[in-house]
Ligand SMILES: [Fe+2]
Ligand SMILES: [Fe+2]
């Protein structure tokens, strides 16, 4: 009988552990009130993922027909200014530093890997820009555009998964609600160095229309 009780207690404790872990997943980061800073980053990821899907569609079209409207130059503009300057600067100039100052040494390896991804991503975007200019002037650089776009798409998709599922649940464990609010204030300061304004959200619509009308 006593053994049975022990089993039940074990079961309850296992169920509680599962519930606690579920609360610490990516889904929990969508709780805007408790995790306002994580919420901002996750929302920005959703916009970036949408443009990665559009870029992928653009590459599919380019295999068989011409893609008009400076599609690749506009995509490079979005990734350089919104994904990198506006979004990655919140991570590099604020979040990673604050996590290190909080003594989250166990996150050092993942942060180093994420920083490296940002650097590699910048290189891909420069190439998309460079070949986008050459494409516009009539050069046949289709395979170069597809190669660099696909490299960037898979890098950034993987990168976002690492953050959404690896770093952000940790961030939610480490920071209190008050500290999350402080992060939001600091994010607003670095936002001034990028442009997340309606200009870039309109650019998303424009890119979507180019692939739709092609
Ligand atoms: Fe990042
Ligand atoms: Fe990110």
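The values are calculated or read from the model by the stated rules, or taken from the named source; none is laboratory data. Given the structure is predicted, the values throughout are model-derived calculations rather than measurements. Cβ sites come from the backbone with ideal geometry, for glycine too, and all protein chains shown count toward neighbours.
Tell me yes or no: at least one residue of the range 117-126 is more than 16 Å from ligand 2 (Cβ to nearest atom), under 30 Å from residue 67 (Cα atoms) and part of a helix (DSSP H, G or I).
Checking the range 117-126: at least one residue is more than 16 Å from ligand 2 (Cβ to nearest atom), under 30 Å from residue 67 (Cα atoms) and part of a helix (DSSP H, G or I).
Please verify whether residue 208 is loosely packed, with under 12 Cβ neighbours inside 10 Å and over 17 Å from residue 36 (Cα atoms), treating the condition exactly as stated.
no
Do we have residue 133 as surrounded by fewer than 17 Cβ atoms within 10 Å (Cβ to Cβ), away from ligand 1 (no atom under 16 Å from the Cβ) and either at pLDDT 95 or above or outside any helix (DSSP H, G or I) (or both) here?
On the way: surrounded by fewer than 17 Cβ atoms within 10 Å (Cβ to Cβ): yes; away from ligand 1 (no atom under 16 Å from the Cβ): yes; either at pLDDT 95 or above or outside any helix (DSSP H, G or I) (or both): yes.
Against the criterion (surrounded by fewer than 17 Cβ atoms within 10 Å (Cβ to Cβ), away from ligand 1 (no atom under 16 Å from the Cβ) and either at pLDDT 95 or above or outside any helix (DSSP H, G or I) (or both)), residue 133 qualifies.
Which of the residues spanning the range 182-205 are exposed (fewer than 14 other Cβ atoms within 10 Å of the Cβ) and either touching a residue at least 40 places away in the same chain (Cβ under 8 Å) or part of a helix (DSSP H, G or I) (or both)? Before the answer, list the steps.
Let us first name the residues in the range 182-205 that are exposed (fewer than 14 other Cβ atoms within 10 Å of the Cβ), namely 185, 188-189, 192-193, 197-199, 201-202, 205.
Scanning the range 182-205 gives 185, 188, 189, 193, 198, 199, 201, 202, 205.
Please verify whether residue 174 is touching a helix residue (DSSP H, G or I) at 6+ places or on another chain (Cβ under 9 Å), touching a residue at least 12 places away in the same chain (Cβ under 8 Å), more than 15 Å from ligand 2 (Cβ to nearest atom) and over 12 Å from residue 37 (Cβ atoms), treating the condition exactly as stated.
no
In this structure, is residue 107 modelled with pLDDT of 95 or more, in a helix (DSSP H, G or I) and within 15 Å of ligand 1 (Cβ to nearest atom)?
no
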